[in-house]
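Note sheet for the following structure.
The values are calculated or read from the model by the stated rules, or taken from the named source; none is laboratory data. No experiment lies behind these values; they were computed from the predicted model shown. All Cβ positions, even for glycine, are placed from backbone atoms using ideal geometry, and neighbour counts span all protein chains on display. For the accessible areas, the whole protein counts, side chains as well, though only heavy atoms, and no ligand, DNA or RNA atoms are used. Shrake-Rupley method; radii C 1.70, N 1.55, O 1.52, S 1.80 Å.
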Amino acid sequence: MQNFSVIKAGEIDSKGVWNIRYASSVKAVSLDQTVVPFEKHDTWFQKKYFDSSYNLCFVLKGVSQKVRGYCRFDLDDNGFLVSIAIGDGLQGKGLGHFLLSESLAQLPSSQKVLATIFKTNMGSLRLFEKNGFKIMNEDAEKVFLCKTV
């Protein structure tokens, strides 16, 4: 992972996050399949991560400083809801584990982090379990995991 770093997202990272979020491989396993135009995403991204001190977004960047992945933590009444994605062609190389573990390390301590994953998304299930998340519940389609950092 020496050629990659995990840093807090900047306002300029909005387009990179959007590109990854709507890549076919990411969209296929996302809970929300709706495609949002970039302008609407950018407004949401700026408000969500720069007008609020509660939500956090981290990005994985390579030596080119291009966004290669993101890990978002959105605060709700139960804790932080996590959303993570790695860009096309980079899955299966350990970058998801690197991104998630480095992002979790930057959260304030004693925070509950929640993840919802489709049961068919075995790669994500393994990723979260490898990072210490425990299954709390499940339904016919999804698994609900939790970890306190």
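Express in Å², to the nearest 10, the accessible area of residue 1 obtained by rolling a 1.4 Å probe over the protein heavy atoms while all chains stay in place.
Rounded to the nearest 10, that gives 100 Å².
Between the alpha-carbon centers of segment 2-20 and segment 36-100, tell me the distance in whole angstrom.
Spelled out, the Cα-based centre of one part sits 7 Å from the other.
In percent, what relative contact order does the chain have, based on Cα pairs under 8 Å that are 6 or more apart in sequence?
Numbers: 228 pairs, mean separation 30.8, N = 149.
In percent, rounded to a whole number, it is 21.
Hey, can you rank 98-110, 137-149 by average C-beta count inside 10 Å, highest first? Provide the component values of the computation, followed by the final result.
Details: 98-110: 16.0, 137-149: 14.3.
Going from most to least packed, we get 98-110, 137-149.
Roughly how big is segment 37-90's charge dipole about its Cα centre, with Cβ charges of +1 (Lys, Arg) and -1 (Asp, Glu), in debye to the nearest 20? Kindly include the intermediate steps, with their values, before the conclusion.
Numbers: 7 positive and 7 negative charges, 58 e Å.
The dipole magnitude comes to about 280 debye.
For every helix of n ≥ 4 consecutive DSSP H residues, a contribution of -39,500 (n - 2.57) applies; sum these over the chain, divide by its total residues, and give [θ] at 222 nm rounded to the nearest 500 deg cm²/dmol.
On the way: 5 runs with 45 residues, N = 149.
Theoretical 222 nm ellipticity from helices: -8500 deg cm²/dmol.
Can you list residues from other chains, or at least 5 along the same chain, whose modelled amide H is less than 5 Å from the amide H of residue 81?
Hits under the 5 Å cutoff: 74, 75, 76, 114.
Under 11 Å from the Cβ of residue 18, count the other residues' Cβ atoms, weight Lys and Arg +1, Asp and Glu -1, and hand me the total.
On the way: positive: 15, 21, 40; negative: 13, 39, 42.
For residues surrounding residue 18, the net value is 0.
Given (1) 0.97; (2) 0.93; (3) 1.03, which label gives Rg/Rh (Cα atoms, Kirkwood Rh) as computed from the coordinates?
Derived directly from the coordinates: (2).
Given the pairs 15/48; 27/147; 8/61; 48/142; 93/147, which span a C-alpha to C-alpha distance of over 19 angstrom in this model?
27/147; 48/142; 93/147
If you stretched the chain out fully between residue 76 and residue 38, how much longer would it get, using 0.36 nm times the residue separation minus the C-alpha to C-alpha distance? Please list the in-between numbers first.
Details: separation 38, 0.36 × 38 = 13.68 nm, distance 2.45 nm.
Full-extension gain reported as 11.2 nm.
What is the dipole size for the chain, taken about its Cα centre, with +1 at each Lys and Arg Cβ and -1 at each Asp and Glu Cβ, in debye to the nearest 20? Each step should come with its number before you reach the end.
Numbers: 19 positive and 15 negative charges, 87 e Å.
Using only the charged Cβ atoms, the result is roughly 420 debye.
Count the net charge of all other residues whose Cβ sits under 13 Å from the Cβ of residue 98, scoring Lys and Arg as +1 and Asp and Glu as -1. Walk me through the intermediate numbers first.
Values: positive: 61, 68, 93, 130; negative: 102.
The answer is +3.
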